[in-house]
Amino acid sequence: MPVVVQKYGGSSVGTVDKLKAVAAKVAARRRAGDAVCVVVSAMGDATDDLLALAKQVSPDPPRRELDMLLTAGERVSMALLSMALHEQGVEAISFTGSQAGILTSEAHATARILEVRPTRVREELAGGKVVIVAGFQGVSPRKEITTLGRGGSDTTAVALAAALGAACEIYSDVAGVFTADPRVVPAARRQAELCYEEMQALARAGAKVLNAQAVEFARATGIAIHARSSFGGPEETVVRAGSGAARIAGVAVEKALALVSVAPADGPRARQLLAAAHAPCAEVEGAAGRLTLAVPLENVHGLGPLAEALRALPGAALDAEGIGAVTVVGTGVSATPRVRQELAAALAALGGRPLAFEAGPLEVTVYAESGLLPALAREIHRRLLEAPAQEG
Ligand code: ADP
Ligand code: ASP
Ligand code: MG
């Protein structure tokens, strides 16, 4: 029997009616003869709501307790979806990440999947049941409950698909991966196909439609990801191994970043302090004579102790309010000066100035004031992905 792993994100199960509609879709697939394993996210904004609740109790909550709290969101949606399937006459059973055999590292809030042992999932699928797994969570070797970082249900889905030898379909509120967030850039077009490297770079740069760790897992295991709309038509983006041909794949916006600037000699100490605050960082090109580190804030739950510790470094600056970045992703984009020049010109045309730049193998990033980012994304998309020059 062919096995499929389908993942439905928060917006797809945001209300009871939507949850019932997802159940109907899953039931139809099961009745068509496929073995179906469903990965669900928490309903709507449930994860944000739980985080806000934690912040009311503690500005810098223990990460272990935060994981205990946040994993409850997916537990609610998995149980409700299972009940909805029973209502529709389809046998189903829900499992937490731990019950489904999602084994992770110990790193609370940013755990990595080390191994998947889906014994119970396999048994129940073989018995004909739809198996529903709570996304975004696992269990560490010390039997601690962990979470995989925001957007981590995608990773649960890919890891389960790899372990089950299944197809992997990721459903959200958009019909695939576009050349930019279609909510920000109305002229964005759906990409029919992206290679793993392009998608990973887009996801790392803030294109939330697929999670970066999920794509990395897919690349390592050779799984193709089909990204579709939950309630739309058959349009999709397939993420798989590609030809590596030079092209611009898209533009991504990261809304919440911090920039840390220190004297170069204080670099190692600043990195230690960031690591102690569970904050990942990357060196970027900031002001001359300074060491500038960019810190994505999505999985950093409290910067108070970091700000305090940085005060001990003379001249250190932490800018954590109102900073973001726009990244142009594509094979070959950092090899020519044009993309960087266009980013600088587009920002200048909006009256802004670059706070820093960064170039990687498949990306060029400009850091800027976050209020300018939507307009900057539209302007750079117009220059690089709508202008006739991109055909040449
Ligand atoms: P889910 O809750 O299903 O996991 P997400 O909110 O994580 O869904 O991701 C879907 C959202 O990603 C879309 O609503 C869209 O606004 C945003 N997005 C950002 N960049 C892109 C892009 N390049 N293509 C499509 N959607 C994008
Ligand atoms: N519910 C989690 C989040 O909001 C995981 C996910 O949606 O993938 O980040
Ligand atoms: Mg998501």
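The values are calculated or read from the model by the stated rules, or taken from the named source; none is laboratory data. Here the structure is a predicted model, which means the values were calculated and not measured. Ideal geometry is used to build each Cβ from the backbone, glycine not excepted, and the neighbour counts take in all protein chains shown. Only protein heavy atoms, including side chains, enter the accessible area calculation; ligands, DNA and RNA are left aside. Shrake-Rupley method; radii C 1.70, N 1.55, O 1.52, S 1.80 Å.
Here is how the numbers come out for the structure above:
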{"quantity": "Residue in segment 345-371 that is nearest to L194 (Cα to Cα), counting only those that are of a type in the set (A, V, I, L, M, F, W, C) and surrounded by fewer than 14 Cβ atoms within 10 Å (Cβ to Cβ)", "calculated": "A345"}
{"quantity": "Residue satisfying all of: in segment 144-158; within 14 Å of ligand 3 (Cβ to nearest atom) and not in a loop (DSSP other than H, G, I, E, B); surrounded by the most Cβ atoms within 10 Å (Cβ to Cβ) among these", "calculated": "A157"}
{"quantity": "Conditions (1) more than 16 Å from T147 (Cα to Cα); (2) in a helix (DSSP H, G or I); (3) within 16 Å of ligand 1 (Cβ to nearest atom): number failed by G44", "calculated": "(2)"}
{"quantity": "Any hit, segment 133-143, residues being out of contact with any strand residue (DSSP E or B) (no Cβ under 8 Å at 6 or more places or on another chain), open to solvent by 10 Å² or more (accessible area, probe 1.4 Å) and more than 13 Å from ligand 2 (Cβ to nearest atom)", "calculated": "yes"}
{"quantity": "Every pair of residues 6+ apart whose Cβ atoms lie under 7 Å, when the first sits in segment 156-172 and is more than 13 Å from A220 (Cα to Cα) while the second is acidic (D, E)", "calculated": "I170/D154"}
{"quantity": "Enumeration of residues in segment 20-42 that are within 16 Å of ligand 2 (Cβ to nearest atom) and open to solvent by 10 Å² or more (accessible area, probe 1.4 Å)", "calculated": "S41"}
{"quantity": "Scan of segment 1-22 for residues that are at pLDDT 95 or above, more than 16 Å from R75 (Cα to Cα) and away from ligand 3 (no atom under 16 Å from the Cβ), ordered by number", "calculated": "V3, V4, D17, K20, A21"}
{"quantity": "Count of segment 277-289 residues which are surrounded by fewer than 18 Cβ atoms within 10 Å (Cβ to Cβ) and in a loop (DSSP other than H, G, I, E, B)", "calculated": "5"}
{"quantity": "Residues of segment 100-130 classified as within 27 Å of N299 (Cβ to Cβ) and either part of a strand (DSSP E or B) or not β-branched (V, I, T) (or both), total", "calculated": "18"}
{"quantity": "Listing of strands (runs of 3 or more DSSP E) fully contained in segment 159-276 that carry 2 or more residues being within 16 Å of ligand 3 (Cβ to nearest atom) and surrounded by fewer than 21 Cβ atoms within 10 Å (Cβ to Cβ)", "calculated": "225-229"}
{"quantity": "Within segment 192-209, tally of residues that are at pLDDT 95 or above and either within 8 Å of ligand 1 (Cβ to nearest atom) or of a type in the set (F, W, Y) (or both)", "calculated": "5"}
{"quantity": "Flag for A54 being in contact with a Pro (Cβ under 8 Å, 6 or more places away or on another chain), open to solvent by less than 60 Å² (accessible area, probe 1.4 Å) and over 20 Å from E124 (Cα atoms)", "calculated": "yes"}
{"quantity": "Condition check for V333: outside any loop (DSSP other than H, G, I, E, B) and under 30 Å from I248 (Cα atoms)", "calculated": "no"}
{"quantity": "Number of positions in segment 150-191 that are under 18 Å from D67 (Cβ atoms) and away from ligand 1 (no atom under 12 Å from the Cβ)", "calculated": "1"}
